[in-house]
Amino acid sequence: MINLLRRLFADRRGLSSIVFAGSSMVLFGFGTMAVDVGSFYYQQRRQQTATDLAALAAAADLARADAAARASAGRNGYTAAAVERVQLGTYTADATLAPEMRFQPSSAAVANAARIEMRATTPMILGRVLAAGGLGNEAGDVTILTRATAAQDMQASFAIGSRLVRVEGGALNGLLGGLLGTSLSLSVMDYEGLARARIDLFGFARRLATRASISALTFDEVVRAQVRIGDVILAAQDAARDQGAGSDAVAALGHLATTLAGSSQRLNLQSLVSFGIYGGRQLSEEVPLKASLSALDLVSAAAQIANGARQLDLGLAVNVPGLASVSLKLGIGERPVGTSMVRVGRTGATVHTAQTRLLLTLTLVGSGHASLVKLPLYLELASATARLTAISCGAGDITSARVTLGVTPAVVDAWIGEVSNAEFSNFSTRPNPPAATLLNLLGLAKVTGRAHVTISNTSETPVSFSYAEIQRVEKKTTSTQNFVASLLSRLVGDLELRVELLGLGLPIPGLDGAVSGVIAGAAAPLDQVLTSLLNTLGIGLGQADSWVSGVRCGGAVLIL
C-alpha cells in the first residue's frame, strides 16, 4: 500500500491538465469581470447621455418638463418609465456658492432649471453564473442610476449708452470732430439718418475683418484687434448697406470715412461690445440673436475709444441773453475693466457707461463793477450700470418674451470751483476743487466762490422690455427726477462767496451781492444752455438710457 502511494505521488503524468483546468477557471473569472465591467460602464455612459438629453429637454420646456424628459428618453432607447424623477428648481450662477447649492427645488412659477433621475437595468453577459454571489439580482441584472441637471439658457443682447440725436449750435460736429481729430460738417439730416440706421454688430464684425484685413477666425478675435478708425467707419458703412439702411446714413458714413482716410488713430472694440458665448464662434457661423447699435451710437462710441487724450476743448457759439461766452472742456474716462457698452449674455451680465467729466466755463453779463462774471461749472458723472435681471419666455412662443434690466443711473458730483488741467485729466482721483475766482477787479478786489452738490440715485430700477419693444430696439430712460433745474438751483443756493481786497484795499460795498445777483439772474439761461448741451452730448444727470436689441429663448445648458 505504501509503495502504491509512493508511485502515485511520484507519477507526474496529467499534471498539466489539472493545472490548466484550475487556471481556466481563474481566467474565465477575469474574462467575465472584464467583459461585464466593460459592458456596465458602456451602458452607464449611454444612460448618462440619455439623462443629460432628457434634462436639456425638460429645461428647455419647463411648462412640460415631465413629458419632455420622458419623450427624450424614448427617442434615445429608453422607456418613459426609466425617468424616475423630474424635479423643477431655480439655478443661481454664483461662483461663491458651492456647486450643490446652486440648484434649489422650487415651484414651477419661478423655476429656471430641471433635475432628472433615470433608473434602468443592464444584463450581465458572462457573469450570470456569478449572480448568486451578490454581483447582481436574481436575473443576473445590474441597476444603473444616473442624474443630470440643466438650466434654461435664455440670453439677451442689451446696452447702455448715449442719446446723440440732436444737433444744436454745431456742438455735435465739434464734439465728434474733436474726438476724431478732424473737422466735420455733417448736416442735421446726416445725423438724423445715422440715428435711424441700425447696425448689427455681428455683421459689422465680419465686415471689419475684411476691411481691416484681420486674420481672425472668431468674433472675439476681431474686437481684440487694433484697427484704424477709418476702417471702423467703412465697415459700419458696409454693414449699414447690407442691412438696408437709408441712403442718407450710408452717405454720411461715406463722408466720415473720406474725412478720416488719412487718420492714423487705432483702437480695439473690446469696450464697445462683448459677444458673450458667441464670441468664440467662427465668423462664417450664424448667431441666433442680434446685437445692434444705431450708426450714430457706433460712430460716437468709436470716436470716444479712439480719443487717446480723452480731453476736448470746445468754444460754443451761443446767442442767449445774459451770456457773453461759453466754453466746454470734455473728458471721457475708461469703462470699468472688462465691461462694454453692448453685451450678449445670460442673467447677471452687466454693461456700463464711461465715466464723463465736463467743465463748462460761462461768462455772465452783469452791470457796474460786476459787468462780467466768470462761472466755472464742473460736472463729474460716474458709470451708470444696467444689469440683466430676468428673461421670461413662453413655451414655443418667442413673441411672449420679456427682458428686464436693473438700471442704476450715475452718481453726479457738481461743483462751482477751480479745477486744474492736471486734476481734470487724472481719472484715478476725484477732484476736490478750491474756490474759483468769479470776478477780478484788477488792483481793487476779487470775489471767489465755491459750491458742491452730489446727486445720488444708487438704487436699481427695474426696466422691462416687451418683444415688440425689443424688435424696435426702443430706448428707455431711467430717472427719478429732473436733475438739471434742481442741480443749478442747489448749486446757486450752496454758493459761498468771499470778497478779497487787493492793492489799495478800498472796500467796494455790495460787491458780493452784485455777483450773487448776476448768477441768480442767469439761472434761467443757464438751465437752457446746460439742458441743450447735455442733450447734444447724450448725457443725462441722474439718468441712464438702456435698450435690448435681441433675445434668445428655448435653449438649455447642463450645469450639474
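The values are calculated or read from the model by the stated rules, or taken from the named source; none is laboratory data. In this text, all values refer to a predicted model and were calculated from it rather than measured experimentally. Cβ atoms come from the backbone with ideal geometry, glycine included; neighbour counts cover every protein chain shown.
Residue-wise test of (1) within 21 Å of the chain's Cα centre (by Cα); (2) in the same structural domain as residue 359 (by TED's automatic domain parsing); (3) crowded, with 17+ Cβ neighbours inside 10 Å.
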| position | (1), (2), (3) |
| --- | --- |
| 512 | no, yes, yes |
| 517 | no, yes, no |
| 521 | no, yes, no |
| 532 | no, yes, yes |
| 541 | no, yes, yes |
| 546 | yes, yes, yes |
| 552 | yes, yes, yes |
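Scanning the range 428-439 for residues that are crowded, with 16+ Cβ neighbours inside 10 Å and either touching a Cys at 6+ places or on another chain (Cβ under 6 Å) or not small (Gly, Ala, Ser) (or both) returns 431, 433, 438, 439.
Restricting the range 141-165 to residues that are surrounded by fewer than 19 Cβ atoms within 10 Å (Cβ to Cβ) and of a type outside the set (A, V, I, L, M), the residue that is modelled with the lowest pLDDT is 141.
Of the candidates 240, 257, 249, 245, the single residue that is surrounded by 18 or more Cβ atoms within 10 Å (Cβ to Cβ), more than 19 Å from residue 184 (Cβ to Cβ) and free of Cβ contacts under 8 Å to residues at least 60 places away in the same chain is 245.
Considering the range 204-237, the residues that are in contact (Cβ under 8 Å) with a residue 24 or more places away in the chain and not in a helix (DSSP H, G or I) include one that is nearest to residue 276 (Cα to Cα), namely 218.
Take residue 190 and tell me if it is surrounded by 20 or more Cβ atoms within 10 Å (Cβ to Cβ) and more than 24 Å from the chain's Cα centre (by Cα). For residue 190, the condition - surrounded by 20 or more Cβ atoms within 10 Å (Cβ to Cβ) and more than 24 Å from the chain's Cα centre (by Cα) - is met. Among the residues of the range 183-203, which ones are under 28 Å from residue 474 (Cα atoms) and either part of a loop (DSSP other than H, G, I, E, B) or touching a strand residue (DSSP E or B) at 6+ places or on another chain (Cβ under 8 Å) (or both)? 186, 187, 194, 195, 196, 197, 198, 199, 200, 201 - these are the residues of the range 183-203 that are under 28 Å from residue 474 (Cα atoms) and either part of a loop (DSSP other than H, G, I, E, B) or touching a strand residue (DSSP E or B) at 6+ places or on another chain (Cβ under 8 Å) (or both).
A count restricted to the range 448-499 and to residues that are under 21 Å from residue 523 (Cβ atoms), surrounded by 14 or more Cβ atoms within 10 Å (Cβ to Cβ), among the hydroxyl-bearing types (Ser, Thr, Tyr) and modelled with pLDDT of 80 or more stands at 1.
Let's see how each residue does on (1) surrounded by fewer than 21 Cβ atoms within 10 Å (Cβ to Cβ); (2) over 11 Å from the mean Cα position of the chain (by Cα):
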position	(1), (2)
341	no, no
352	no, no
367	yes, yes
377	no, yes
380	no, yes
384	no, yes
398	yes, yes
409	no, yes
412	no, yes
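Yes/no per residue for (1) closer than 24 Å to residue 192 by Cα; (2) in a loop (DSSP other than H, G, I, E, B); (3) at pLDDT 85 or above; (4) in contact with a Leu (Cβ under 7 Å, 6 or more places away or on another chain):
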position	(1), (2), (3), (4)
284	no, yes, yes, no
287	no, yes, yes, no
304	yes, no, no, yes
315	yes, no, no, no
318	yes, yes, no, no
325	no, no, no, no
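Can residue 400 be described as in a loop (DSSP other than H, G, I, E, B) and either assigned by TED's automatic domain parsing to the domain that holds residue 513 or touching a helix residue (DSSP H, G or I) at 6+ places or on another chain (Cβ under 8 Å) (or both)? Criteria not met by residue 400. State which residue is nearest to the chain's Cα centre (by Cα) when the search covers only the range 95-106 and only residues that are in a loop (DSSP other than H, G, I, E, B) and without any contact (Cβ under 8 Å) to a residue 12 or more places away in the chain. It comes out as 95. Applying a threshold of 6 Å to beta carbon distances and a minimum spacing of six or more residues, or different chains, the list of pairs starting in the range 353-368 at a residue that is of a type in the set (Val, Ile, Thr) and ending at one that is assigned to a loop (DSSP other than H, G, I, E, B) reads 353/383; 353/384; 365/322.
Scan the range 83-91 and tell me whether some residue there is in a loop (DSSP other than H, G, I, E, B) and not assigned by TED's automatic domain parsing to the domain that holds residue 346. No, every residue in the range 83-91 fails to be in a loop (DSSP other than H, G, I, E, B) and not assigned by TED's automatic domain parsing to the domain that holds residue 346. Filtering the range 542-556 down to residues that are in contact with a strand residue (DSSP E or B) (Cβ under 6 Å, 6 or more places away or on another chain) and over 17 Å from residue 475 (Cβ atoms), which residue is modelled with the highest pLDDT? Among them, the one singled out is 552.
Residues in the range 50-78 that are surrounded by fewer than 14 Cβ atoms within 10 Å (Cβ to Cβ) and touching a residue at least 24 places away in the same chain (Cβ under 8 Å): 63, 77. Just the residues that are more than 25 Å from the chain's Cα centre (by Cα) and either within 19 Å of residue 303 (Cβ to Cβ) or not assigned by TED's automatic domain parsing to the domain that holds residue 250 (or both), please, taken from the range 193-211. Once the filter is applied, which keeps residues that are more than 25 Å from the chain's Cα centre (by Cα) and either within 19 Å of residue 303 (Cβ to Cβ) or not assigned by TED's automatic domain parsing to the domain that holds residue 250 (or both), the range 193-211 yields 193, 211. Tallying residues that are in a loop (DSSP other than H, G, I, E, B) and at pLDDT below 75 within the range 166-182 yields 5.
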